[in-house]
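Participant: Pasting in a structure now, in structure tokens, and then I'll have a few things to ask.
The values are calculated or read from the model by the stated rules, or taken from the named source; none is laboratory data. Everything numeric in this text was worked out from a predicted model, so none of it was measured. No Cβ is skipped: glycine too gets one built from the backbone with ideal geometry, and neighbour counts run over all protein chains shown.
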Amino acid sequence: HTPNRSRNGEKDWENDSTTSSNPSNAEYTGPKLYREPSAKSNKHIIQNALAHCCLAGKVNEGQKNKILDEMEKSEANNFLVLFRDSGCQFRSVYTYCPETEEITRLAGIGPKSITSKMVEGLYKYNSDRKQFSQIPAKTMSASVDAITIASHLWQTKKQGTPKKLHPK
């Protein structure tokens, strides 16, 4: 007989493995189309950036909380901050899907969706310095935290006579 293995030890081990493996098999109950989240999510980076950089301070608390709330509700793993220009003025948060390269507005001011052609500058958030720095890359990737779009896209001049905007 083998001294290393007691029947007891084996039994316990078996019981352990069956109890711990059952719940994990039954955990996901969503639609079959669901793909496992891509390896990396920048959600906490963006939330950090909003709290300490983009929307820091009492003045921005309402907007910040609203956007953080939207991010919590979102299924996305990748988020992008949209800046007005290289001055890094916060405008909105977008979700970014690296597989389809779709950039869709989640909250804030800006185009409903952004194509790669519209993107002008790419930025990465530095959590130590609590600031964004422009990265020399030209292509979108999951490692980008913020973008700027071509400035003419912000001009909202509509043809015809200017109408006064009435808040709804």
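Participant: Taking the stretch 95-114, which residues are of a type outside the set (D, E, K, R), within 12 Å of the chain's Cα centre (by Cα) and outside any loop (DSSP other than H, G, I, E, B)? If you could, list the steps in order and put the result at the bottom.
Facilitator: First, pick out the residues of the stretch 95-114 that are of a type outside the set (D, E, K, R): 95-98, 100, 103-104, 106-111, 113-114.
Next, from what is left, pick out any that are within 12 Å of the chain's Cα centre (by Cα): 95-98, 103-104, 106-107.
Those that are of a type outside the set (D, E, K, R), within 12 Å of the chain's Cα centre (by Cα) and outside any loop (DSSP other than H, G, I, E, B): Thr95, Tyr96, Cys97, Ile103, Thr104, Leu106, Ala107.
Participant: Go through the stretch 92-141 and give me each residue that's surrounded by 15 or more Cβ atoms within 10 Å (Cβ to Cβ), among the basic types (Lys, Arg) and over 16 Å from Ile67 (Cα atoms).
Facilitator: Within the stretch 92-141, just Lys124 meets the criteria.
Participant: Go through the stretch 37-96 residue by residue and tally those that are among the β-branched types (Val, Ile, Thr) and closer than 13 Å to Lys124 by Cα.
Facilitator: From the stretch 37-96, those among the β-branched types (Val, Ile, Thr) are 45-46, 59, 67, 81, 93, 95; that's our starting set.
Checking the rest, the ones that are also closer than 13 Å to Lys124 by Cα come to 45-46, 81.
Final tally of qualifying residues: 3.
Participant: Please count how many residues of the stretch 64-94 are of a type in the set (Ser, Thr, Tyr) and part of a helix (DSSP H, G or I).
Facilitator: The first filter runs over the stretch 64-94 and keeps only residues of a type in the set (Ser, Thr, Tyr), leaving 74, 86, 92, 94.
Now narrow it down to the ones that are part of a helix (DSSP H, G or I): none.
Of the residues in that region, 0 qualify.
Participant: Moving on. I'd like to verify a number: residues in the stretch 128-153 that are in a loop (DSSP other than H, G, I, E, B), over 14 Å from the mean Cα position of the chain (by Cα) and at pLDDT 90 or above, how many? Can you show your working first?
Facilitator: First, pick out the residues of the stretch 128-153 that are in a loop (DSSP other than H, G, I, E, B): 128-130, 136-145, 150.
Adding the requirement that they be over 14 Å from the mean Cα position of the chain (by Cα) leaves 128-130, 136-139, 150.
Filter again for at pLDDT 90 or above, leaving 128-130, 136, 150.
Summing the residues that are in a loop (DSSP other than H, G, I, E, B), over 14 Å from the mean Cα position of the chain (by Cα) and at pLDDT 90 or above in the stretch 128-153 gives 5.
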